[in-house]
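All remarks here apply to the structure that follows.
Coordinate-derived values only; no laboratory data. What you see is a predicted model, and the numbers here were worked out from it, not measured in a lab. Counting neighbours? That spans all protein chains shown, and the Cβs are built from the backbone with ideal geometry, glycine included.
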Amino acid sequence: MGERRPLIAGNWKMYKTPAEAAETARQLVERVTGVNDVDIMIAPTFAALEAVSRAIQGSPVALGAQNLFWEDEGAYTGEISAPMLKSVGCEYGIIGHSERRQYFGETDETVNKKIQAAIQVGLKPVFCVGETENEREDEQTLSVLDKQVKKGLEGLVLDQLDMLIIAYEPVWAIGTGKTATDDQAQEVHQFIRSLIKENFGNALSDSIRILYGGSVKPGNIAALMSMPDIDGALVGGASLDAESFSKIVKYK
Ligand code: PEP
């Protein structure tokens, strides 16, 4: 197995004005300057992208978007495209977050189109998958993930996927304070890696980064990161504060 560089990503959801986001970004930059063995990303709201982009310039912190639309431009009121996100400095795009699936009608098909659009312009997709509480109780976890991963990546070929990142986020653990146990998370990460192997071969399954998300905090990150198939974290609540997010970044 090759060395996979950890990625710690913060999803700021619909929080912070541009001024507040830039201030938190500045505080984060102060705290993570010199960190060079972990990739760091923050995804503020669209309105704050430019301000945050300026605040993190020249630092180890990279910029991400929380969503994107699959067309480059057109009459799609309220949407934003992958080339537009690139033009304001985004390096990553979160795609298919469970809140988008739950409240905004995202499906495996729309997620697939968005992943293709991101890759087309060199925006690294952070492709989110995860089961609900009912699905876990019904022992559907692995079959749900099998479908989400296969449909989300349908039509994509190996040489398009080197920039893909997957985030496993059990829906019941997002914003609830409940975290999957290290073993529960590892079991699913291993399964997702096996799906990648089955569909795209050994090299990609060895190199692809699979992040865990769901109530990650400074106190539980180290144990999660000690699992062999967990390569980083997608962090919501605990990423909103520079001090707690920097502790997660510096989990080692
Ligand atoms: C998320 O929004 O992706 C997330 C994991 O949120 P939280 O860390 O707050 O559970």
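Placing dummy labels 7 Å off each Cα toward the beta-carbon, the span from GLN102 to TYR15 is 1.5 nm. Averaged over residues, the count of other Cβ atoms within 10 Å places the peptides 155-161, 190-196, 166-172, 244-250 in the sequence 166-172, 244-250, 190-196, 155-161, highest first. When peptides 77-85, 38-46 are sorted by average Cβ neighbour count within 10 Å, with the highest value leading, the order is 38-46, 77-85. Reducing the range 160-233 and the range 17-41 to their Cα centroids gives an inter-centroid distance of 23 Å. For the range 98-249, the residue among ALA180, LEU156, ALA118 whose Cα projects farthest onto the positive side of the dipole built from Cβ charges is ALA118.
Spin-label pair ALA222-ASN202: with each label point 7 Å from Cα along the Cα-Cβ axis, the two points sit 3.5 nm from one another. Remark: the SER59-THR33 segment gains 8.7 nm on full extension, using 0.36 nm per residue and subtracting the alpha carbon distance.
Along the charge dipole of the chain, which of GLY130, VAL32, PRO83 sits closest to the positive end, that is, farthest toward it, with unit charges on the beta carbon of Lys, Arg, Asp and Glu (+1, +1, -1, -1)? Towards the positive end, the residue furthest out is VAL32. On full extension, the segment bounded by GLU79 and LYS150 gains 23.0 nm, given 0.36 nm per residue less the C-alpha separation.
In a simple Cβ point-charge model (Lys, Arg +1; Asp, Glu -1; nothing else charged), the range 99-252 has a dipole of about 560 debye relative to its Cα centre. Extending 7 Å from Cα along the Cβ direction at ARG26 and again at LYS178 yields two label points whose distance is 4.1 nm.
Enter the Cα centre distance for the pair the range 93-149 and the range 77-91, rounded to the nearest angstrom. Cα centres, the range 93-149 to the range 77-91: 20 Å. The aspartates and glutamates whose alpha-carbon is closer than 12 Å to the alpha-carbon of LYS250, local same-chain residues fewer than 8 away aside, are ASP37, ASP39. Straight-line cross-link reach from LYS147 at under 30 Å between alpha-carbon atoms covers these lysines, not counting any fewer than eight positions away in the same chain: LYS13, LYS86, LYS113, LYS114, LYS124, LYS178, LYS197, LYS217.
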